[in-house]
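The values are calculated or read from the model by the stated rules, or taken from the named source; none is laboratory data. Since we're looking at a predicted model, the values are computed, not measured. Because the Cβ atoms are built from the backbone with ideal geometry, glycine has one as well, and the counts that use them run over all protein chains shown. When the accessible area is computed, the model is the full protein with side chains, heavy atoms only, and any ligands, DNA or RNA have been set aside. Shrake-Rupley method; radii C 1.70, N 1.55, O 1.52, S 1.80 Å.
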Amino acid sequence: METVYFKDIPMTLSGELPKAGEQAPGFSLTAQDLSEITLDSLRGKRVVLNIFPSLDTDVCAASVRRFNQDAAALPDTKVLCVSMDLPFAAARFCSINGIENVATASGFRSDFGKTYGVELADGPLKGLYARALVVIDENGKVLGTSLSRQITEEPDYEFVKSLLK
């Protein structure tokens with residue numbers, strides 16, 4: 001099991017991120033309109049999963065804003081910003097911030113966090129997700145993953161760009 005930190009407090013993850021070269025595990029997440037988003041529904045597109053604890057934190061909000069800017073330069077790519085935030089809160093955040101190039105996806109009624117190994121198993125953020133990136137090709141294969149050891153730091157945006165060149 002992996003360990004990440006929140007202000008130097010260690011927290012254990014529920015599992016491990018999928019490995020590069022493996023088929024990405026299937027998932028079911030909830031869109032802002034309460035419809036289902038599945039990996040199968042995204043076949044034929046490259047997928048970036050920007051996973052984080054909550055839109056109600058500055059760093060998480062910054063990552064969504066940054067990916068919203070970067071997504072326009074990523075052809076045939078769907079960026080999903082995944083958290084435990086309720087779809088209504090995500091819709092409000094996107095409306096206020098002019099977020100149009102990425103989609104939010106809530107894991108509030110799924111086992112996504114355990115399936116992808118990003119659910120925090122202990123610590124002050126127990127039950128939320130760690131900060132991670134998963135890049136998946138158009139056939140559902142994992143191109144690479146990046147786990148932020150310190151949750152209070154932004155993800156590695158260049159990592160995503162390098163995999164999708």
Residue in segment 78-92 that is within 18 Å of residue 24 (Cα to Cα) and in a loop (DSSP other than H, G, I, E, B) present: no
Search result, residues across segment 125-149 that are polar (S, T, N, Q), open to solvent by 30 Å² or more (accessible area, probe 1.4 Å) and not in a loop (DSSP other than H, G, I, E, B): 145
Index of the failed condition, residue 75 passing every other in (1) over 30 Å from residue 6 (Cα atoms); (2) within 13 Å of the chain's Cα centre (by Cα); (3) not aliphatic (A, V, I, L, M): (2)
Output for segment 27-40, where each listed residue is closer than 17 Å to residue 116 by Cβ and either open to solvent by 60 Å² or more (accessible area, probe 1.4 Å) or hydroxyl-bearing (Ser, Thr, Tyr) (or both): 28, 30, 36, 38, 40
Selection from segment 1-22 of residues that are surrounded by 13 or more Cβ atoms within 10 Å (Cβ to Cβ), under 16 Å from the mean Cα position of the chain (by Cα) and either among the basic types (Lys, Arg) or under 18 Å from residue 59 (Cα atoms) (or both): 4
Pairs with Cβ under 7 Å, 6+ apart, first in segment 57-74 and open to solvent by 60 Å² or more (accessible area, probe 1.4 Å), second part of a loop (DSSP other than H, G, I, E, B): 72/101
Some residue of segment 112-124 being surrounded by 23 or more Cβ atoms within 10 Å (Cβ to Cβ) and among the aliphatic types (A, V, I, L, M): yes
Given (1) free of Cβ contacts under 8 Å to residues at least 60 places away in the same chain; (2) open to solvent by 20 Å² or more (accessible area, probe 1.4 Å); (3) under 15 Å from the mean Cα position of the chain (by Cα), number of the condition residue 95 does not satisfy: (3)
